Amino acid sequence: MSIFKKKEKDALDAAVAGQMLQNIFDVCEVEPNTVPLDELESYSNYRKDRFFLQKVILVVIMLLFLAIPFMFMGPSISVLEQETAGSHPTFHLGVDSVLPITSVKATIDGQNVPVYEKEKKVYSIEPEIGGEMLVTVTCVNNQYTSDTIHVSTIDREVPVVVKDTVSDGYIYVYVRDEGSGIDYGKIYAQNADGDKFKPDKIDKKEGYIAFRYPKSSINIFIPDKSENQLQLALTLK
């Protein structure tokens, strides 16, 4: 602090500095300056302020020039994995972006699909219907990337019984499934004691299964290939 105080104390007064300059002109026998010293000092300060402003503007222009590439940088999308639990597919989406992500949207035929952020830049998408799913990721600079993911038809309906008949000691059950189709290999019946048994007859072309007429009530379980299961209760009277 003492150094700065000394400099302020030793600073020349404007009037003293002007008189010294006049004396120097007289000694050197040079024509005196017609512009007052205080005006010269003011002009010098003006030049300094103007030069500082020019430097600030130049720095701002350089920063804007360096930022131009970031204004056009968009994200990239990658499907990390796909999980399928029965008829419920889940897509895990990875997003690579230098800039922050502002939104991740998914639609199928214009309908929004739920999107969940599992962790940073990793998203989970759980479509409810099948079709072409459009995924759009947008960055903070309003640049975006879109990708299309094919979602197989989602079957959430259980098989339906078309008709049932009793003939030659057998119970015939005609079933249909418009979605993934009947999984004939997993059809079974169960009695009250918990015993399980397979159909005695299966005709995929005609679409029926047949069990020998039981001696007691049974439950028949008919699944489709999407793990939707129809349960029929056959009660004997």
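The values are calculated or read from the model by the stated rules, or taken from the named source; none is laboratory data. Since the model is a prediction, treat every value here as computed from it, not as a measurement. Glycine gets a Cβ as well: all are built from the backbone with ideal geometry, and neighbour counts include every protein chain shown. Side chains are part of the model used for accessible areas, which takes the heavy atoms of the whole protein and leaves out ligands, DNA and RNA. Shrake-Rupley method; radii C 1.70, N 1.55, O 1.52, S 1.80 Å.
Using the Cβ-Cβ distance between residue 165 and residue 112 with R0 set to 35 Å, the FRET efficiency from 1/(1 + (r/R0)^6) comes to roughly 0.15. Shape class for the range 179-233: oblate, because the ratio a/c of the largest to smallest gyration tensor axis (alpha-carbon atoms, square roots of eigenvalues) is 1.5 or more and b/c is at least a/b. If a/c stays under 1.5 just call it rounded; otherwise compare a/b with b/c (prolate if a/b is bigger, oblate if not). Do that for the range 122-237, with a ≥ b ≥ c from the square roots of the Cα gyration tensor eigenvalues. Here the range 122-237 falls in the prolate category. Put a dot 7 Å past the Cα of residue 82, heading toward its Cβ, do the same for residue 229, and the two dots end up 2.6 nm apart.
Computed with every protein chain present, the accessible area of residue 196 is close to 130 Å² [probe 1.4 Å].
In a simple Cβ point-charge model (Lys, Arg +1; Asp, Glu -1; nothing else charged), the range 99-140 has a dipole of about 260 debye relative to its Cα centre. Think of each Lys and Arg Cβ as +1 and each Asp and Glu Cβ as -1; about the Cα centre, that makes the dipole of the range 95-185 roughly 380 debye. Once neighbouring chains are kept in place and the probe is 1.4 Å, which whole percent of the accessible area of the range 102-237 is contributed by carbon and sulfur? Here it works out to 44 percent.
Each Lys and Arg contributes +1 and each Asp and Glu -1, all at the Cβ; summed about the Cα centre of the range 161-237, the dipole is approximately 160 debye. How much net charge surrounds residue 172 when only other residues with a Cβ under 10 Å from its Cβ are counted (Lys, Arg +1; Asp, Glu -1)? So the environment of residue 172 carries a net charge of -2. Calculated accessible area for the range 185-237 comes out at 67 Å² per residue, all protein chains present (probe 1.4 Å; ligands, DNA, RNA ignored).
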